[in-house]
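**Q** Dumping the structure here so I can ask a few things about it.
What follows draws every value from the coordinates through simple rules; no lab data is involved. What you see is a predicted model, and the numbers here were worked out from it, not measured in a lab. So basically every Cβ, Gly included, is an ideal-geometry build from the backbone, and we count neighbours across all protein chains shown.
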Amino acid sequence: MSVRVLIVDDSPTMRAILMSRLREQPDIEVIATASNAAEGRELIKQHDPDVVTLDIEMPGMNGLDFLEKIMTLRPTPVIIVSGATQEGNEVTARALALGAVNCYAKYDPSGKLALQDSGELARMIRDAAQVRFRKPGRPAPAVAEESQRSIRRDTRLIAIGSSTGGVEALQVLLREFPSDCPPTLIVQHVNPRFAPAIARTLDKACPARVCIAVNDMPLQSGHVYVAAEPDHHLTVRGTSTLYAKLRRGELVTGHIPSVDALFASVAQCVGSNAVGILLTGMGQDGAKGLLAMAQAGAHTIAQDENTCTVFGMPRAAISLGAARVVAPINRIARHALNKAA
């Protein structure tokens, strides 16, 4: 059965390009196109598409406002089609935080319109079609004061992995991290081009400072470090002092940066004084790494099915026995900061 896609973009050229990239895919059908949010809204009502691709920068109702209406009134997997500007990247990051499941770059790293995408858009659409929105609203946040009072002083490092739906989940999670939280490293599966804007978006929601991980940077309390270097894994090294380590390498569990690569290094360097958290996402990245952390004595947590956009990564970890705690997203911070919570 084909994945039914609606394209919403104000540019006739871009609509034609996206259609051309999907036309050769036997399992994907473009059922309609729209040039603005008003047309898109009517076509969603009429066709009930499996996936919507959405241009953010449109006349009339902008893509962000339209996305918020979609996620509130008729939750549908949305892939953001983003331009090349920094402002476009910032808006895309906010869209991911609102519930868009992925972002697709119109342009290559040089800023030119990409003539080929090696099937990237089709892969994103196939993944997005597997998303099932279960919750009618967002979970109520945990009480921040409880997390601050109960922080575990033996925790030297927190490592987090996330993918589809992860930016939205990270906002909920990091909102409850106190300003003196243990050093925290994040691998979020996303085009590295958007990672700095995502870090800035998360920084606005988090009492701690959220920034981009830099090679050989000493890891400090009160800081959250996001992987953003293209073609590099984010890992940790050190003994008495811990450092971020960015290293080139091959794909691990299908990804670079990989959650498994991060978690494995934390298991080796930090052992029982670490906390590992695996959030919503497609596939299995992070499951084996979380198991390695658990076997090293670390406290390990997986997001529960009811609050995941996609339960793939947490499910894989739970099936391996890697997660000591399974919790809804709004309760994970207290489990991470207080082992006995």
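**Q** Just report the Cα centroid separation between region 274-341 and region 209-252, whole Å.
**A** For region 274-341 versus region 209-252, the Cα centre distance is 20 Å.
**Q** Please list 246-252, 271-277, 316-322 highest first by mean number of surrounding beta-carbon atoms within 10 Å per residue. Working shown, then result.
**A** On the way: 246-252: 13.7, 271-277: 23.0, 316-322: 19.1.
Sorting 246-252, 271-277, 316-322 by mean packing, highest first, produces 271-277, 316-322, 246-252.
**Q** Compute the long axis of helix 12-23 from its Cα atoms, compare it with the longest principal axis of the Cα atoms of the chain, and write down the angle in degrees, 0 to 90, nearest 10.
**A** It works out to around 70 degrees.
**Q** Determine the gain in length on full extension of the stretch Gln220-Thr72; use 0.36 nm per residue of separation and subtract their C-alpha separation, reporting nm with one decimal.
**A** Value of the extension gain: 49.5 nm.
**Q** Using bins 5 angstrom wide from zero, how does P(r) for region 144-337 break down, in % of all Cα pairs?
**A** With a bin width of 5 Å, the distribution comes to 1, 9, 19, 24, 24, 17, 5, 1, 0.
**Q** Taking the Kirkwood radius as the inverse of the mean 1/r across Cα pairs, report the Rg/Rh of region 3-128.
**A** Over the Cα atoms of region 3-128, Rg/Rh equals 0.92.
**Q** Mind pulling the angle between the C-alpha long axis of helix 259-269 and the longest principal axis of the chain? Nearest 10 degrees, somewhere in 0 to 90.
**A** Taking the Cα atoms of the chain, the angle to 259-269 is about 10 degrees.
**Q** Which value, in debye to the nearest 20, gives the size of the charge dipole of region 144-337 about its Cα centre, when Lys and Arg are +1 and Asp and Glu are -1 at the Cβ?
**A** 260 debye
**Q** Which whole-number percent is the relative contact order of the chain (Cα, under 8 Å, 6+ apart)?
**A** So the answer I get is 13 percent.
**Q** Further, regarding this structure: In what sequence, highest mean first, do 22-35, 283-296, 200-213 appear when ranked by Cβ atoms within 10 angstrom?
**A** Averaged packing, sorted descending, gives the order 283-296, 200-213, 22-35.
**Q** Over region 144-337, what is the percentage of antiparallel beta bridges among all DSSP beta bridges, to the nearest 5?
**A** Around 25 percent of the beta bridges assigned by DSSP in region 144-337 are antiparallel ones.
**Q** Do the sum for the chain: with -39,500 (n - 2.57) for every DSSP H run of n ≥ 4, divided by all residues, what is the mean residue ellipticity at 222 nm, to the nearest 500 deg cm²/dmol?
**A** -10000 deg cm²/dmol
**Q** Counting only DSSP beta bridges with both residues in the chain, what percent are antiparallel, rounded to the nearest 5?
**A** Of those bridges, close to 20 percent are antiparallel.
**Q** Could you list His189, His232 so that the one with the fewest beta carbons within 10 Å of its beta carbon is first and the one with the most is last?
**A** If I rank by nearby Cβ atoms, fewest first, I get His232, His189.
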